[in-house]
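Undergrad: Got a structure for you, questions after.
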Amino acid sequence: MLHEFHFRAMNTDVGIWLWNPSRQVDRLMQHAMQRFEEAEAELSRFRPDSGLSRLNAAAGLGPQTVSPLLWTALNRAVEAARQTLGLFDPTVLDLLRAAGYDRSFELLDSSSDTLGPSAKPSCGWHQIRFYDSVGQVELPAGVGIDLGGIAKGWTVDRVAVSLATHGPVLVDAGGDIRAVGMPGGEPWPVAVQDPFDETRDCAVLALNGGAVATSSIGRRRWQRNGQTMHHLIDPRTGQPSDSDLHTVTVLADTAEEAEVSAKTVLMLGTQAGASWLKRRDLRGLLIDRRGREHSVGTLPIYTMLEIA
């Protein structure tokens, strides 16, 4: 029996599908929702009382004791920055604020200008210091952290792995998807929506495990000083990415890896991004700003939909 559960957390819609013969799965779903809520409460930069907000406010004030949840998420983010040579950078908080993304997205007015101070490119991830024996983290003055998508992907992984002990499961948080096992021995169908036409899908992937994540410059956009801005900041320039890519979908073993890889490829652009995926034996679908599709590797297509 396939159970379905939906709720909102981490500023996105979350869906969970669990294949389990029992009708009594409400407790499992409630526990999964609590995990998302706990992650948001501790890792959100938009909550002034979160552990992350308190750490950001203490930048330059020496080592700060943080929760095990925040400690682990920060370590994962710094490791992702290291693996991508800083293309994925959790220390772009000031750049996001300067671009106008200074509050939860639903509170932004996308139709009017959002003013903010200018900011210079930042690459402060390598300045974050971890004190392993005491669970403390130190941020230098002027460095602020936004965990953004990696916190979401990491949470999706944690919840999916936990629920998988009760049966095949798929967890989807705003396009960050992790599947463990297959319901009835059949792969999960995962649609990849056309970013230029929400009425059609580019493809439907057959996911028999692993993860999928999509990054796009078309989802979160607003105006600042008459210029269209989006939330994917390129740390090399300090500005929203201006590569030729509009949307990137990546398949990987974990939602965390897929999320980080999709953002990195979008920054790199079509040619360099495709090469980056191939070197890591990852597969993906890259859609450029003209709507052209570029496949990297053999995608597990469930069915291809007719292009209108």
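Table: residues versus (1) surrounded by fewer than 24 Cβ atoms within 10 Å (Cβ to Cβ); (2) over 19 Å from residue 80 (Cβ atoms); (3) over 18 Å from the mean Cα position of the chain (by Cα).
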position	(1), (2), (3)
234	yes, no, no
242	yes, yes, yes
253	yes, no, no
259	no, no, no
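Undergrad: Quick one: would you say residue 218 is under 25 Å from residue 69 (Cβ atoms), in a loop (DSSP other than H, G, I, E, B) and among the small types (Gly, Ala, Ser)?
TA: no
Undergrad: Please state which of the following conditions residue 34 fails to meet, knowing it meets all the rest: (1) within 20 Å of the chain's Cα centre (by Cα); (2) surrounded by fewer than 20 Cβ atoms within 10 Å (Cβ to Cβ); (3) over 25 Å from residue 168 (Cα atoms).
TA: (3)
Undergrad: Could you please let me know if residue 76 is at pLDDT 95 or above and either within 23 Å of the chain's Cα centre (by Cα) or under 21 Å from residue 174 (Cα atoms) (or both)?
TA: yes
Undergrad: Consider the stretch 267-308. How many of its residues are within 21 Å of residue 233 (Cβ to Cβ) and modelled with pLDDT under 95?
TA: 2
Undergrad: Residues of the stretch 66-83 being among the β-branched types (Val, Ile, Thr) and either assigned to a helix (DSSP H, G or I) or surrounded by fewer than 20 Cβ atoms within 10 Å (Cβ to Cβ) (or both), which ones?
TA: Answer for the stretch 66-83, where residues must be among the β-branched types (Val, Ile, Thr) and either assigned to a helix (DSSP H, G or I) or surrounded by fewer than 20 Cβ atoms within 10 Å (Cβ to Cβ) (or both): 72, 78.
Undergrad: Which residue is modelled with the lowest pLDDT, if the candidates are limited to the stretch 169-198 and must be part of a loop (DSSP other than H, G, I, E, B), of a type in the set (Asp, Glu) and within 25 Å of residue 215 (Cα to Cα)?
TA: Looking at residues that are part of a loop (DSSP other than H, G, I, E, B), of a type in the set (Asp, Glu) and within 25 Å of residue 215 (Cα to Cα), I get 198.
Undergrad: Looking only at the stretch 268-296, count how many residues are within 16 Å of residue 190 (Cβ to Cβ) and small (Gly, Ala, Ser).
TA: Qualifying residue count for the region: 2.
Undergrad: Oh, and also: Quick check, is residue 212 assigned to a strand (DSSP E or B), modelled with pLDDT of 95 or more and either touching a Cys at 6+ places or on another chain (Cβ under 6 Å) or farther than 21 Å from residue 180 by Cα (or both)?
TA: Judged against the criteria, residue 212 is not a match.
Undergrad: State which residue is surrounded by the most Cβ atoms within 10 Å (Cβ to Cβ) when the search covers only the stretch 146-198 and only residues that are at negative phi and touching a Ser or Thr at 6+ places or on another chain (Cβ under 6 Å).
TA: 173
Undergrad: Among the listed residues 148, 142, which satisfies the condition of being closer than 29 Å to residue 96 by Cβ, in contact with a His (Cβ under 9 Å, 6 or more places away or on another chain) and of a type in the set (Gly, Ala, Ser)?
TA: 148
Undergrad: Another one. Consider residue 10 carefully, then state whether it is in contact (Cβ under 8 Å) with a residue 24 or more places away in the chain and more than 26 Å from residue 232 (Cβ to Cβ).
TA: No, not satisfied.
Undergrad: Please go through the stretch 134-168 and pick out each residue that is farther than 29 Å from residue 231 by Cα, at pLDDT below 95 and not hydrophobic (A, V, I, L, M, F, W, C).
TA: The one that is farther than 29 Å from residue 231 by Cα, at pLDDT below 95 and not hydrophobic (A, V, I, L, M, F, W, C): 135.
Undergrad: In the stretch 244-308, which strands (runs of 3 or more DSSP E) lie fully inside it and hold 3 or more residues that are touching a helix residue (DSSP H, G or I) at 6+ places or on another chain (Cβ under 7 Å)?
TA: 245-252, 283-288
Undergrad: Taking the stretch 1-29 on its own, how many of its residues are surrounded by fewer than 17 Cβ atoms within 10 Å (Cβ to Cβ) and either within 13 Å of residue 162 (Cβ to Cβ) or among the acidic types (Asp, Glu) (or both)?
TA: Counting residues in the stretch 1-29 that are surrounded by fewer than 17 Cβ atoms within 10 Å (Cβ to Cβ) and either within 13 Å of residue 162 (Cβ to Cβ) or among the acidic types (Asp, Glu) (or both) gives 4.
Undergrad: Working only within the stretch 41-54, note down all residues that are crowded, with 20+ Cβ neighbours inside 10 Å and outside any loop (DSSP other than H, G, I, E, B).
TA: Scanning the stretch 41-54 gives 42, 43, 51, 52.
Undergrad: Select from the stretch 50-72 the residues that are under 20 Å from residue 96 (Cα atoms) and without any contact (Cβ under 8 Å) to a residue 40 or more places away in the chain and list them in ascending order.
TA: The answer is 50, 51, 53, 54, 57.
Undergrad: Counting just the residues of the stretch 124-150 that are among the aliphatic types (A, V, I, L, M) and in a helix (DSSP H, G or I), which one comes out farthest from the chain's Cα centre (by Cα)?
TA: Within the stretch 124-150, the match that is farthest from the chain's Cα centre (by Cα) is 134.
The values are calculated or read from the model by the stated rules, or taken from the named source; none is laboratory data. Being a predicted model, the structure only gives us computed values, none of them experimental. Backbone-built Cβ (ideal geometry, glycine too); neighbour counts: all protein chains shown.
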